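The values are calculated or read from the model by the stated rules, or taken from the named source; none is laboratory data. Given the structure is predicted, the values throughout are model-derived calculations rather than measurements. Backbone-built Cβ (ideal geometry, glycine too); neighbour counts: all protein chains shown. Each accessible area value is taken on the protein alone, full model and side chains, heavy atoms only, with ligands, DNA and RNA left out. Shrake-Rupley method; radii C 1.70, N 1.55, O 1.52, S 1.80 Å.
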Amino acid sequence: MNRTSTRTQRLGPLTVAALTAALFLVGPGARVAGAQTDAFIVNNTSARVTVISTAVPPSHPPQSVPVGAGPTQLVISGDGQWAYVANTGATTVSRINTNPPYEVTTFDVGGSPTSLAVSQNGDDLYVLLDPADVVAAFQHSTTTPSPRGTPIPVGTSLGGLALTPGDGQLWAAAGEVTVIDTNNPSPAGVITHFAPEVGPHDPEVYNFAVGIAIDQATSTVYVTYNTYDYGPIRFSASGGIAVITPAAVVDHVVPLFSLPGPIALSADGKFAFASIQWVWFDSLYGAGFMPTEWVASVETGTNIISWIDLGGGGANGVYTGAGLAVTPDRSAVFVAVPTMKGVAVIDATTSTLKLDAAVLLDGQPKSVAFVPDVGVPASTLKIVAVDDAPAASFPPGGSKPAIANVLDNDTLGGHAAVAGVNVQLIPPGSFPAGLSLDTAGAVWVLAGAAPGTQTFAYQICEKAHPQNCGNANVTVNVRAPYAITAGDDSGSSAPGGFAITNVLANDSFNGATASLADVTLTVTGGDSAAISIDAWGSAAVAANASAGPHSITYRICETASPSNCSNNATVMVSVLNRPIVANDDAVIVSRAGGVSLLNVMANDRFDGGPALGRVAFFGPAAAGGVAVDAAGNVSVAQGAAVGALALKYQICEVGRLDNCATGNLVVTVTPNVIVAVGDSARLSPKQPATAIANVLANDSLGGGAATTANVELSLVSVSPPTNGLVLNTSTGAINVVKGANSGTFSMVYQICEIGTPTNCARATATIDLSSGGGRGR
């Protein structure tokens, strides 16, 4: 994670009584007292809710309201009339009238409440219950609340609830994301269950929804999720924010590279604040989950993130935020920090911690909420434009900008300022001669710029509020071009070698030997196909360069100022040839074939040594079942034609087709050994029958079985002659027909290799058709 801490010193906590003097008196977010509302803060260990007036001066002193055991979450109805508290240490919810004297009623909800959502008028309450892992609905328009519908199963009791504008849908982020029709708070009213998928489905990756907030203007849903990857290499964990459309489709995700928890939106939906609970730390020394002290601030329209460090450490441990809420005017974020036993306050207009503005409490806070104030305008974000004045000097016509982006050190609301995204960059009306500022924020020194110090001013304005602007100055030192010369070079080499180690060795730049760190070398002419200059300045001879003289020309230019160049220099190279010899080869093989019978390059020579592995090989096309692969290995396919086959191949110096040698290869293929073995059978002539199923069953060709696929079967003779026996040449069967004569008959058959019809063998099948005889082979 690219995290920049905004903490400059430890928090200086205040008591609730001192809050009024420091809470909202910093930054452009300060405004009139009448626009501020009350903050309700849950104290878990003291079973109380602290009510603080955030107005300056306060409208009332801090109040402490008793509630049920182990309270965790607090929500306030949209009309600001009612606050509901989840008493997780019990099975109750407390309802507080937000107007003094803060009357409280507590009622049983049938399980331990972990999260709440309340309708605009405060009459309809939705409770996430543990351990049932269900959402229960309650009607509270009268003194005694009554259940509505049937509890709805969700993924788990760990998560959050939120209502859409108009209270038409209830969204539960609890492992899965569940969308519920509030007009039918029962299992039949569940619109959909889905996992907050953040990419292609992977069964080894589990996404767990943990927090939720809904933009009341657009109904866009923001769900914080934790990702657990149980992949085959090693476990990892991360997370982010899934941005979901009202149609329950994940539009995109904002990776936070950590495990976020609760999330809160500003009233205008422009900013999301997520409390980061853990980071997964993995190193050679161990791995594990480590608590964090961060709150991520996200511009929802741009997904630009800034990180706020809550501080902590020492005896109190890490200040990990629990529940959090944004003031109605978007000026501040209150973060409940249990280990601090107080509330940290973030200046939302700068995304920085409000130093010395923390609020100490009499218990461990778990949740905070503000009474809504729908009429208050959003506070102006602080826009900061910082001067740019690099110490280096820059030449005219630079290939790179003198300043990559003047906005790199500028911010809007503590977030990175990005031209065209969240700010508009406004250049000056006129520039000093030779300078320019492009739309991306880069400052260029143009060709012909006069040496000296050049200065201009620019302005950035918030894109959403063009009247919110900041100004900064840019100062650039322009220097004169450096002196540069290039000298001629000469050398020799065989193809594929280097003729000159470094052509820059006799070139100069700014009074010293030229280096590719300072200059750019460009070949300007000559035989660049034969001679080249590599990235180190060496003159290389191409592997296919012909023998003889070759030359190229080049020039060098100042890298920082491409228009500052030398005259052309000439590189002369004499290219030498290498000897190459291809010796003839011969091999004999039967039609059974063979693989890698020999390598035709094994006896060839190149440059006084073995050619194998040092030359390019050009083999002949396969013919007659003989093939030579790209490495020079000879193979003969089974069934190749009998006879001698002459082939030619060529070996060439790698990359040089004019330095070659031709070799001859003769492959002699001998016939396969064919064997026909006699057969016999005895049976009665009274009924038709098969005397022998296949006379080929014990015959062979080339050491393998003889079949009608590789041999041709024919009948030679029958002795004594008879029509009672038939040889089926397509199957090899000898059949006895009806009415066959008795006696012993000799049937001579012949098999010939199909690929070599002259390669034949004969055998005799003896058939005894004695009366009363039995079957036999």
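For the range 352-370, taking the residues that are in a strand (DSSP E or B) and polar (S, T, N, Q), the one that is farthest from the chain's Cα centre (by Cα) is identified as 367. For the range 385-410, a residue qualifies if it is in contact with a Leu (Cβ under 9 Å, 6 or more places away or on another chain) and farther than 19 Å from residue 456 by Cβ, but none of them does. Among residues of the range 324-353 that are open to solvent by less than 10 Å² (accessible area, probe 1.4 Å), those with a beta-carbon under 7 Å from a residue that is in a helix (DSSP H, G or I) and hydrophobic (A, V, I, L, M, F, W, C) at least six positions away or on a different chain give the pairs 329/35.
No other residue among 647, 612 is crowded, with 18+ Cβ neighbours inside 10 Å, over 30 Å from residue 754 (Cα atoms) and modelled with pLDDT of 90 or more apart from 612. If you go through the range 319-329 and keep only what is farther than 14 Å from residue 308 by Cα, touching a Phe, Trp or Tyr at 6+ places or on another chain (Cβ under 7 Å) and of a type outside the set (S, T, N, Q), you end up with 325, 326, 328. Answer yes if at least one residue in the range 129-139 is in contact (Cβ under 8 Å) with a residue 40 or more places away in the chain, under 18 Å from residue 73 (Cβ atoms), within 40 Å of the chain's Cα centre (by Cα) and surrounded by fewer than 21 Cβ atoms within 10 Å (Cβ to Cβ), and no otherwise. Scanning the range 129-139, I find at least one residue that is in contact (Cβ under 8 Å) with a residue 40 or more places away in the chain, under 18 Å from residue 73 (Cβ atoms), within 40 Å of the chain's Cα centre (by Cα) and surrounded by fewer than 21 Cβ atoms within 10 Å (Cβ to Cβ), so the answer is yes. Does the range 563-573 include one or more residues that are in contact with a Lys or Arg (Cβ under 8 Å, 6 or more places away or on another chain), in a strand (DSSP E or B) and under 30 Å from residue 504 (Cβ atoms)? So far as the range 563-573 goes, yes, one or more of its residues are in contact with a Lys or Arg (Cβ under 8 Å, 6 or more places away or on another chain), in a strand (DSSP E or B) and under 30 Å from residue 504 (Cβ atoms). What do you reckon, is residue 722 open to solvent by 20 Å² or more (accessible area, probe 1.4 Å) and in contact with a Phe, Trp or Tyr (Cβ under 9 Å, 6 or more places away or on another chain)? Taking the combined requirement at face value, the residue satisfies it. Does residue 619 qualify as being within 30 Å of residue 732 (Cα to Cα) and open to solvent by 20 Å² or more (accessible area, probe 1.4 Å)? So residue 619 fails the test.
Scanning the range 484-504 for residues that are open to solvent by 40 Å² or more (accessible area, probe 1.4 Å), more than 45 Å from the chain's Cα centre (by Cα) and either within 30 Å of residue 656 (Cα to Cα) or not β-branched (Val, Ile, Thr) (or both) returns 488, 490, 492. Could you tell me which numbered condition residue 740 fails, if it satisfies all but one of (1) at pLDDT 90 or above; (2) over 60 Å from the mean Cα position of the chain (by Cα); (3) of a type in the set (A, V, I, L, M)? Answer for residue 740: the failing condition is (1).
Scanning the range 56-87 for residues that are within 13 Å of residue 113 (Cα to Cα) and not hydrophobic (A, V, I, L, M, F, W, C) turns up 68, 70, 71, 72, 73, 84, 87. So which of 273, 257 is open to solvent by 60 Å² or more (accessible area, probe 1.4 Å) and under 23 Å from residue 346 (Cβ atoms)? The conditions single out 257. Considering each residue of the range 100-110 in turn, none proves to be surrounded by 16 or more Cβ atoms within 10 Å (Cβ to Cβ), over 27 Å from residue 160 (Cβ atoms) and at pLDDT below 95.
Here the condition is being in contact (Cβ under 8 Å) with a residue 12 or more places away in the chain and in contact with an Asp or Glu (Cβ under 9 Å, 6 or more places away or on another chain); of 499, 535, 529, 483, it holds for 499 alone. Have a look at 64, 46, 53 and point out the one that is open to solvent by 40 Å² or more (accessible area, probe 1.4 Å), over 30 Å from residue 187 (Cβ atoms) and in contact (Cβ under 8 Å) with a residue 24 or more places away in the chain. Matching residue, one of 64, 46, 53: 64. Just one of (1) at pLDDT 95 or above; (2) more than 47 Å from the chain's Cα centre (by Cα) fails for residue 59. It is (1). Against the criterion of being open to solvent by 50 Å² or more (accessible area, probe 1.4 Å) and of a type in the set (A, V, I, L, M), residue 547 qualifies. Which of the residues that make up the range 433-463 are open to solvent by 30 Å² or more (accessible area, probe 1.4 Å) and in a loop (DSSP other than H, G, I, E, B)? Of everything in the range 433-463, those that are open to solvent by 30 Å² or more (accessible area, probe 1.4 Å) and in a loop (DSSP other than H, G, I, E, B) turn out to be 433, 438, 439, 440, 446, 447, 448, 450, 451, 463. Quick check on residue 358: is it at pLDDT below 90 and either within 12 Å of residue 476 (Cβ to Cβ) or surrounded by 23 or more Cβ atoms within 10 Å (Cβ to Cβ) (or both)? When the stated conditions are applied, residue 358 passes them. Pull up the range 306-323, narrow it to residues that are of a type in the set (Val, Ile, Thr) and surrounded by fewer than 24 Cβ atoms within 10 Å (Cβ to Cβ), then point me to the one that is nearest to residue 412 (Cα to Cα). Of everything passing the filter in the range 306-323, 320 is nearest to residue 412 (Cα to Cα).
This table checks each residue for (1) more than 26 Å from residue 251 (Cα to Cα); (2) surrounded by 14 or more Cβ atoms within 10 Å (Cβ to Cβ).
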| site | (1), (2) |
| --- | --- |
| 164 | no, yes |
| 168 | no, no |
| 182 | no, yes |
| 185 | yes, yes |
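Residue under question is residue 373, and the condition is that it be surrounded by fewer than 19 Cβ atoms within 10 Å (Cβ to Cβ), modelled with pLDDT of 95 or more and more than 36 Å from the chain's Cα centre (by Cα); does it hold? Spelling it out, it is not the case that residue 373 is surrounded by fewer than 19 Cβ atoms within 10 Å (Cβ to Cβ), modelled with pLDDT of 95 or more and more than 36 Å from the chain's Cα centre (by Cα).
Scanning for something touching a helix residue (DSSP H, G or I) at 6+ places or on another chain (Cβ under 9 Å) and under 21 Å from residue 185 (Cα atoms), does the range 122-129 turn up at least one residue? Yes: one or more hits.
Which residues, counting only those in the range 581-608, are surrounded by fewer than 20 Cβ atoms within 10 Å (Cβ to Cβ) and either farther than 30 Å from residue 673 by Cβ or of a type in the set (Ser, Thr, Tyr) (or both)? Result: 581, 583, 590, 596, 603, 605, 607, 608. When the range 464-483 is limited to residues that are open to solvent by 20 Å² or more (accessible area, probe 1.4 Å) and of a type in the set (A, V, I, L, M), the one that is nearest to residue 519 (Cα to Cα) turns out to be 483.
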